[in-house]
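Visitor: One structure, pasted below without further comment.
Every number here is computed from the coordinates shown, using simple stated rules; none is lab data. Since this is a predicted model, take the numbers as computed values, not measurements. Here Cβ is always computed from backbone atoms with ideal geometry, including for glycine, and neighbour counts include all displayed protein chains.
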């Protein structure tokens, strides 16, 4: 059995047994940089909703995932706020965050502010680490929480709907998750480019 298949089987069995609590816990862990892919969790939750023919379970799964994202992101935010650079300098390599990434994140926040958090939550790879620099650079916690919560909804809704729509064939999407990520990244880049252009015009005219 391959490692990826073992991970899929383990996660799906956990969600199947624990239901909404499992969705909440795994998505909280994912937002704390623990490598649990939401691309597996949420489609399976959608699949369970399809099995039960329950739109209520569908909606509650999205809500549980979003709350989990918020809790996990706030934990990571405070790690960034309280521990800061020493943590990154010592352990950042284990989370694929180095000094270069830190400098990029700093420029990102200085230039885009709230947009970085909102759209970062919908961008693969970035969505799970965006909370750390938010805390590191002392972004307003209330704004951070609101943007994280709202920004997490589209991602969770999309993945849950994919699992719900594909029904018994939901596992097929695992083979194409890389294309889903690519599509989301491209969409996020386009949206960010549009907003960046508007911000540039606004700053130039002011």
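Visitor: Apply 1/(1 + (r/R0)^6) to the Cβ-Cβ distance of residue 165 and residue 141, taking R0 = 30 Å, and write down the FRET efficiency to the nearest 0.05.
Guide: Numbers: r = 36 Å, r/R0 = 1.20.
After rounding, the FRET efficiency stands at 0.25.
Visitor: For an R0 of 25 angstrom, estimate the FRET efficiency from the Cβ-Cβ distance between residue 78 and residue 18 and round to the nearest 0.05.
Guide: Numbers: r = 26 Å, r/R0 = 1.04.
Plugging the Cβ-Cβ distance into 1/(1 + (r/R0)^6) gives 0.45.
Visitor: Which order do peptides 110-116, 64-70, 145-151 fall in by mean Cβ count within 10 Å, highest first?
Guide: Values: 110-116: 15.9, 64-70: 24.1, 145-151: 18.9.
Sorting 110-116, 64-70, 145-151 by mean packing, highest first, produces 64-70, 145-151, 110-116.
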